[in-house]
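Worksheet for the structure shown next.
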Amino acid sequence: MGRWREHCRAERALWAAYALMALLLVGYLASLIVRGPSRSSELLDGWSVDGFEMIAAALCIVRGFTRRPGRAVALTLGFGLFMWASGDIAMTVESLGGATPSTPSLADVFYLGFYPLTYVAAVIFMRGEVRRLATPSWLDGAVASVGTASVCAAFAFERVLRLTGGTSAATATNLAYPVGDVLLLSLVVGGSTVMAGRRKAPWLLMAAGMAINAVGDSASLFGTSFGASRLGFIFDAIAWPTSMLVLSMSVWLRPGPANPQTLRKPALFVIPGLSAACALVVLFVGNLHATSRLALGLATAALLLVGIRLVVSVRGMRSLSAERHHQSVTDELTGLGNRRYLFTVLDAFFADYDATAARRSLAFLFLDLNHFKEINDTFGHPVGDKLLKQLGPRLSACLREADLPIRLGGDEFVVVLMDGDAEYATAVAQRLTDRLAEPFVLDTVRVHVSASIGIALAPTDATDAAGLLWCADVAMYRAKLAGTPFAIYQPDLDKSGNRLLLLDELRTAIDERQLVLHYQPQLDLRTRRIVAVESLLRWAHPRLGIVSPLEFLPLAEEAGLMGRITTLVLTGALAQCAAWRNAGNPLSVSVNISPANLLDPRFTELVRDLLESHQVPAEALVLEITETTVISHFDRSRRVIQELWDQGIVVSIDDFGAGFTSLAHLSSLAVKELKLDRIFIAALTGDDSGRALDLVRATINLGHALGLRIVAEGIEDHATLELLSDLGCDLGQGNFISQPKPAHRLTLIPEQASWQLPEQAGSQPRARVG
């Protein structure tokens, strides 16, 4: 804090010194006006001005030694000012007693040393502000510089040539000043063009100081024109100390803070435009009056540069237009097409379809990532963005070159399959599902995600872009609610009118008991006995036949009918369980429950009452909750699961491995069973069976370490059944053991079962369900 205060005091003292110097300069100007050219003073006009300029140069050099940023500019410019101040001192000494200095003199050496140092300082300053100079910018600067030089050459060089005389050294010296001034003015004009649109307060001060010096030097050189008048005398005397003061102040001036929210304004063509106009004037005057060849050459070069600038501008506009178009149809994060591009393609397809006789087809996939929000919440949005970046190449790898992947926004994607049919669309959907099942490696984390995909066809399902998107979205939503990887749009189920009709028929089906239960056995892989069954709901629709729950349960979820359906299922399953147990088959029965059941505060009371009314022990009922349901409603799920545990009811996590449940979440839930997702079981016999085997083995060991029973569903062959038995899995379920059947048809005898080995047939006890 003390050093900061000391710094503030020093800065205030500095600007107080500059303010005092400015006041002295104003006082000197007043004296010039009062005295006029006839009453010059060696002390005031010579030594006092010399001392003033030396102080300005010293302050500039001090800036270079006290602050690191901009040190090179301050030191280079400071030594340039020192050279000019030294030249004035030498001039004052050489003019003592009214003497006329020779040309060249020692003062000329110092004066001419000012120019290169000032050029270097200005270039260093501009390079510090303009990190990357685009071609149009330096061309604008070149046009402005060359145009300005042509004007100066046209109106100054002829005058200089007439004034110069004597020795060749004198002529070269006299020519060096206008050349230096022209270059200095050209640098000022060109630099101002390049610096346009940037924080430019220090540059404006520096450019003003250099311009004043160049004009003042020209006034001194052309004393016969300017100096003969009172105004010329005043300007000649005041220009140099003013220039020195302004240049010295420019290195101390701090630029204002940049506003990150403000876009930098593009450079304007005003200065180079005026310079080009001046070049045209020079060429025009050259046709009427004698003009130096140098001026005409510079004017011609300026116009040539204008032509080059126009060519560059046209090419730049074309490139910029192409770049802007690409950006307008491309998703920045994934590099895929965006929503605008999607509707452009679809609108063109439907317009072409209406206009031509050739009938083309189009398959449309709407893809929504599952559990992406959990990834963002757990690891943060940067990790989620990295996942989306990796997703683009994965989607593209599953498609033909003619197919089009699009990111709609967030975690929603679509795929357009030109000339694709339902068969190809389902094949692509399966490839996408398999590809997404592979883990995403994000920094040090491995993340698993899945997707729900809706498929719609054009023009079969829709004849415009918005309608096609709606159809695929509806199908995707049905797939998500049903827990399946993908679903095809079905007008009978998904159309607004048909959905209302189906909903009304579903209410009737609940009232008239059209919903029936089928059961699929669960086999103890150690004893090879049937120890449990899972109840699976079916709808015996009078018009559509047997309707899968994947088709109507999403509709029931939307309509708030899940409570009534769950009551119906629990009642039927517990009644059948009681019948089996009374017949001497002590089976457990599993029932799937939905998110709506977990949110129902009366659900646990309903379960308890139904168990009591059917006289079924609590441990004979297994309630299956999907992993995604637990994730979506974790706190509520944990409370309900604990209440069910307290009643002695077994709670099972269904489809384990398909979601994003962490070990910490799992260990905090009062569950007794894990049901492995069928995707992992199917992978045991796939191409990547080794990795799947390690994953299943680790999950089984983890479950046993937590005291959980492990169930594998989706067993489709004998090899998978035996492999799971060897891995220590507790229960198995799948079509290889038995397909879901009504209770009266469910009879499993070990000797007759396809999963029973011949040598085991005589040793295994019978187990009948029916």
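Structural remarks
- Of the peptides 620-631, 575-586, the order by per-residue mean of other Cβ atoms within 10 Å, starting with the highest, comes out as 620-631, 575-586.
- In the complete set of protein chains, residue-level accessible area for His744 is approximately 150 Å², probe 1.4 angstrom.
- Shape call, the stretch 550-709: gyration tensor on alpha carbons, a/c limit 1.5: prolate
- Rounded to the nearest 20 debye, dipole of the stretch 510-654 from Cβ charges on Lys, Arg, Asp, Glu: 420 debye
- Across the stretch 95-109, coupling constants 3J(HN,Hα) worked out from phi with the 6.51/-1.76/1.60 Karplus curve, θ = phi - 60°, read 9, 4, x, x, 5, 9, x, 6, 10, x, 10, 4, 4, 4, 4 Hz, and Gly and Pro carry x.
- For the pair Leu503 and His325, a Förster radius of 51 Å applied to the C-beta separation gives a FRET efficiency near 0.65, rounded to the nearest 0.05.
- Ordered from highest to lowest accessible area with the whole protein assembly present and a 1.4 Å probe, Glu412, Glu534, Glu605 read as Glu605, Glu412, Glu534.
- Distances between placed amide hydrogens fall under 5 Å for Glu673 paired with Val651, Ile653, Arg709, all partners being 5 or more residues away or on another chain.
- Residue-normalised accessible area of the stretch 1-117, given per residue in Å² at a 1.4 Å probe: 55 Å²
- Residues whose amide H comes within less than 5 Å of that of Ala532, counting only those at least five positions distant or on another chain, are Gln522, Ser588 (H built at 1.01 Å from N in the peptide plane).
- Sequence-distant residues sharing a close amide H with Gly734 (under 5 Å, placed H): Gly714, Ile715
- Modelled spin labels at Trp47 and Ala19, positioned 7 Å past Cα toward Cβ, are 3.0 nm from each other.
- Working from label points 7 Å from Cα in the Cα-to-Cβ sense, the Asp434 to Leu333 distance is 2.8 nm.
- Remark: the Cα gyration tensor places the stretch 441-552 in the oblate category, a/c being 1.5 or greater and a/b not exceeding b/c.
- Lys672 - accessible surface, heavy atoms, 1.4 Å probe, Å² rounded to 10: 70 Å²
- Extension gain for the segment Ser667 to Asn735, taken as residue separation times 0.36 nm less the Cα-Cα distance, is 21.4 nm to one decimal.
- Table column - 3J(HN,Hα) (Hz), the stretch 670-677, Karplus curve with 6.51, -1.76, 1.60, x for Gly and Pro: 7, 9, 10, 8, 10, 10, 5, 5
- Linear extension gain, Ala99 paired with Arg39, 0.36 nm per residue minus alpha-carbon span: 19.9 nm
The values are calculated or read from the model by the stated rules, or taken from the named source; none is laboratory data. Keep in mind that this is a model prediction, so the values were computed, not measured. Don't worry about glycine lacking a Cβ; one is built from the backbone with ideal geometry, like all the others, and counts go over all protein chains shown. The area values use the complete protein model at the heavy-atom level, side chains included, leaving out ligands, DNA and RNA. Shrake-Rupley method; radii C 1.70, N 1.55, O 1.52, S 1.80 Å.
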